[in-house]
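Undergrad: Have a look at this one before I ask anything.
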Amino acid sequence: MSKRMKKIGILVGFLAAALAVASPAIAHHSFAAEFDTNKPVKLTGKLTLMKWANPHAWIYIDVVGPNGKVTNWALETSAANSLLRRGWRKEDLKAGTVLLVEGWQARNGSPTANITSITFENGTRLFAGSSNPAAREQ
Amino acid sequence: MIRANALLVGVLLAATAMVSFAPLPVAAQQRGQRRGGQAAPPPPPIRRMPDGKPDLTGWYQADAGGANYGLENKPANGLIPPSRGVVVDPPDGKLPYQPWARAERIERELPHRGYDDPTAHCFVAGVPRSIYTPSPVQIIQPAGYVVMLFERMNWRQIPLDGRAHIPDDVRLWQGDSVGRWEGDTLVVDTRNLNGKTWLNEVGDVLSHDAKVVERLTPVSGNRITYEATVTDTIAYTRPWTIRMNLDRQDDELLEVACHEDNGDLQHLKDVRDEYRAKNKKE
């Protein structure tokens, strides 16, 4: 990451945070059916796989629980093209990257969540949510 | 570097759009005022083709305020985002539903009906929904046509040569559209819709009787005012109209191959099946 990209990344992070604060409800029908707003999650873990897929991309992270047990969480995000427009880059999301993610857990209690943002160790935060009606992309 | 700048501008636009959910900043913009009292530069003039007709070509995003989650003004419902409301006629902003269609619309918003939204199955969004799904459209104008390319990998071709509609017994997801210019307004008349589409994720209703007249009026080089009037005597008691802006941006279409990994569909089916099992009549 060049210095300029870092600066832009930080700015993007701030703005993404502002967006997330301004609109906590940023998902759509399928998410409403599948995920539970009463189950907010905030997880830190090491990225094991980033699946750039449509209509929604997925991140998988290993989260170490209080008992030392490792759980692989599946995290649903927006579409791959939306992530690209929001500053997500393949080179920044290699296996082993430590991420803090925020979102809502699946209703069925499985280690699956719909996430609104990811934050890198350097503090850069990127918006991950789907179907933000006020954003310029899906 | 161009991409980085475009990204920055995009995020700033997104942030502005979010913050300006309240009408005040938009009103201030319309008055040509900036913070600090400086006058904003005037918008660029309408672009024109060599024959003098408006040049609508470009990459646009609708400022739809969540129309894909409800055409009427409504608050957020769990993880379904709020809607600003885009109905301008009737003046009260409420869709003039027939009672059966209102009841259907209310039920469609329930979790177990999410599976029934055709777009959850990657079908095309139909007319007018394709315009205001939160996904961009590229407009091109080859001779004799206006063509809309939607990022969700479907299209509408609108001939301008005065041809008649196709026979009534041919029914299509995007309908059959013909267009004409009325001054600087592109008027698009769409019929032959198949009645299978939903108007958004909460299931605003459109029947196979629907006829849609869209009016695209460029108001500057970077903005089109978009209106769609729907006449559908099966689902509604009178015609109604929605309005929103389409904003031209410096971007390009990307790929959204919806069938690639449509894992949500199975989850929606599970929710539906669970509901059906619980409510099974003995």
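Undergrad: Given (1) within 10 Å of another protein chain (Cβ to nearest Cβ); (2) within 23 Å of B:P111 (Cα to Cα), identify the lone condition not met by A:R86.
TA: (2)
Undergrad: Additional query: Examine the range B:194-214 for a residue that is among the aromatic types (F, W, Y) and in a strand (DSSP E or B), and state whether such a residue exists.
TA: Looking for residues that are among the aromatic types (F, W, Y) and in a strand (DSSP E or B), one finds none in the range B:194-214, hence no.
Undergrad: Given the condition surrounded by 15 or more Cβ atoms within 10 Å (Cβ to Cβ), β-branched (V, I, T), within 19 Å of B:E72 (Cα to Cα) and within 17 Å of the chain's Cα centre (by Cα), answer yes or no: does some residue in the range B:168-188 qualify?
TA: no
Undergrad: Is there any pair with a first residue in the range A:92-116 that is farther than 28 Å from B:E274 by Cα and a second that is part of a loop (DSSP other than H, G, I, E, B) whose Cβ atoms are under 6 Å apart and which are 6 or more apart or on different chains, and what are they?
TA: These pairs meet every condition: A:V98/A:E121.
Undergrad: Just one of the numbered conditions (1) over 24 Å from B:M153 (Cα atoms); (2) within 14 Å of chain A (Cβ to nearest Cβ); (3) surrounded by fewer than 20 Cβ atoms within 10 Å (Cβ to Cβ) is not true of B:G93; which one?
TA: (2)
Undergrad: What strands (runs of 3 or more DSSP E) completely inside the range A:1-112 contain at least 3 residues that are modelled with pLDDT under 90? Spell out how you get there, then give the answer.
TA: On the way: elements: A:35-51, A:58-64, A:70-76, A:98-106.
Because the criterion is at least 3 residues that are modelled with pLDDT under 90, the strands (runs of 3 or more DSSP E) in the range A:1-112 that meet it are A:35-51.
Undergrad: Tell me whether the range B:183-197 contains one or more residues that are in the same structural domain as B:A62 (by TED's automatic domain parsing), more than 30 Å from A:R85 (Cβ to Cβ) and without any contact (Cβ under 8 Å) to a residue 12 or more places away in the chain.
TA: Yes - at least one qualifying residue is present in the range B:183-197.
Undergrad: Right, something else. Condition test on B:R113, is it within 14 Å of chain A (Cβ to nearest Cβ), part of a helix (DSSP H, G or I) and over 30 Å from B:T57 (Cβ atoms)?
TA: Judged against the criteria, B:R113 is a match.
Undergrad: Filter the range B:215-237 down to the residues that are closer than 26 Å to B:W100 by Cα and buried (at least 21 other Cβ atoms within 10 Å of the Cβ), then identify the one that is nearest to the chain's Cα centre (by Cα).
TA: The qualifying residue nearest to the chain's Cα centre (by Cα) is B:A228.
Undergrad: Answer with yes or no whether B:R152 is part of a loop (DSSP other than H, G, I, E, B) and surrounded by fewer than 15 Cβ atoms within 10 Å (Cβ to Cβ).
TA: The answer is no for B:R152.
Conditions (1) surrounded by fewer than 16 Cβ atoms within 10 Å (Cβ to Cβ); (2) more than 15 Å from B:W198 (Cβ to Cβ), marked per residue:
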position: B:P42; (1), (2): yes, yes
position: B:P50; (1), (2): yes, yes
position: B:A67; (1), (2): no, no
position: B:E72; (1), (2): no, no
position: B:G78; (1), (2): no, yes
position: B:S83; (1), (2): no, no
position: B:V86; (1), (2): no, yes
position: B:W100; (1), (2): yes, yes
position: B:E109; (1), (2): no, no
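Undergrad: Here's a follow-up. How many residues does the range B:58-99 contain that are free of Cβ contacts under 8 Å to residues at least 12 places away in the same chain and closer than 21 Å to B:T231 by Cβ?
TA: Summing the residues that are free of Cβ contacts under 8 Å to residues at least 12 places away in the same chain and closer than 21 Å to B:T231 by Cβ in the range B:58-99 gives 3.
Here is a yes/no grid of residues against (1) closer than 30 Å to B:L79 by Cα; (2) modelled with pLDDT of 95 or more; (3) within 14 Å of chain A (Cβ to nearest Cβ):
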position	(1), (2), (3)
B:I131	yes, yes, yes
B:Q141	no, yes, no
B:W155	yes, yes, no
B:I158	no, yes, no
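Undergrad: Check B:D247, B:D251 and return the single one that is in a strand (DSSP E or B), within 11 Å of chain A (Cβ to nearest Cβ) and over 16 Å from A:A79 (Cα atoms).
TA: The unique qualifying residue is B:D247.
Undergrad: From the list B:V219, B:V230, B:V202, B:V212, pick out the single residue that is touching a residue at least 60 places away in the same chain (Cβ under 8 Å), β-branched (V, I, T) and within 12 Å of chain A (Cβ to nearest Cβ).
TA: B:V202
The values are calculated or read from the model by the stated rules, or taken from the named source; none is laboratory data. Just so it is clear, the structure is predicted and the values come from calculations on it, not from any experiment. Neighbour counts run over all protein chains shown; Cβ positions are idealised from the backbone, glycine included.
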